[in-house]
1. So E109 clears everything in (1) surrounded by 11 or more Cβ atoms within 10 Å (Cβ to Cβ); (2) modelled with pLDDT of 75 or more; (3) within 20 Å of E47 (Cα to Cα) except one condition, right? Which one?
2. Can you name the residue in segment 28-52 that is without any contact (Cβ under 8 Å) to a residue 24 or more places away in the chain and not in a helix (DSSP H, G or I) and is also farthest from D108 (Cα to Cα) among such residues?
3. I need the full set of residues from segment 1-18 which are free of Cβ contacts under 8 Å to residues at least 40 places away in the same chain and either closer than 23 Å to A96 by Cβ or touching a Ser or Thr at 6+ places or on another chain (Cβ under 6 Å) (or both), in order please.
4. Evaluate segment 7-27: report whether one residue or more is loosely packed, with under 13 Cβ neighbours inside 10 Å, more than 15 Å from the chain's Cα centre (by Cα) and either farther than 21 Å from P104 by Cβ or modelled with pLDDT of 90 or more (or both).
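The values are calculated or read from the model by the stated rules, or taken from the named source; none is laboratory data. As the structure is a computational prediction, the values presented were derived from the model and not from experiment. All Cβ positions, even for glycine, are placed from backbone atoms using ideal geometry, and neighbour counts span all protein chains on display.
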Amino acid sequence: MAADDGVREQLQALGAFIRARRTQAQMSLRDLADLTNVSNPYLSQIERGLHEPSVRVLKSISEALNVSIDTLLFRAGLGADPDPNAGTAVGAPMDAGSAIATDPALTDEQRRSLLAVYRSYTDANTRRSPG
């Protein structure tokens with residue numbers, strides 16, 4: 001029973017990570033389904049930790065969300081940690097948006113609020129012309 005709890009927790013963590021990355025990319029579940037060729041209901045089950053995705057599905061998700069397959073395999077419990085910053089390119093520092101989107105101490109609503117504020121600042125800075 002304890003092993004089942006560990007697997008369930010791992011699947012829920014994987015799903016939360018995928019949901020956070022999708023939200024950070026400002027992508028709907030339907031958008032992700034279209035990009036991955038995986039059904040919307042199945043992706044929803046993955047995000048809720050109700051289903052263990054195949055490696056093929058993880059590969060599709062990794063490509064659509066621009067996350068390394070090694071990171072998703074690690075989060076699924078199928079490989080070694082390729083990057084201590086989990087979710088960024090290997091060796092690259094995690095940006096604030098990724099940190100907010102993947103912080104397990106925040107609720108989904110808190111993540112959305114913080115990401116909205118963060119994006120408003122970064123968008124304003126991007127619109128400013130240099131010099």
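1. Checking E109 against (1) surrounded by 11 or more Cβ atoms within 10 Å (Cβ to Cβ); (2) modelled with pLDDT of 75 or more; (3) within 20 Å of E47 (Cα to Cα), the one that fails is (1).
2. N37
3. Scanning segment 1-18 gives a single hit, G15.
4. No, segment 7-27 contains no residue that is loosely packed, with under 13 Cβ neighbours inside 10 Å, more than 15 Å from the chain's Cα centre (by Cα) and either farther than 21 Å from P104 by Cβ or modelled with pLDDT of 90 or more (or both).
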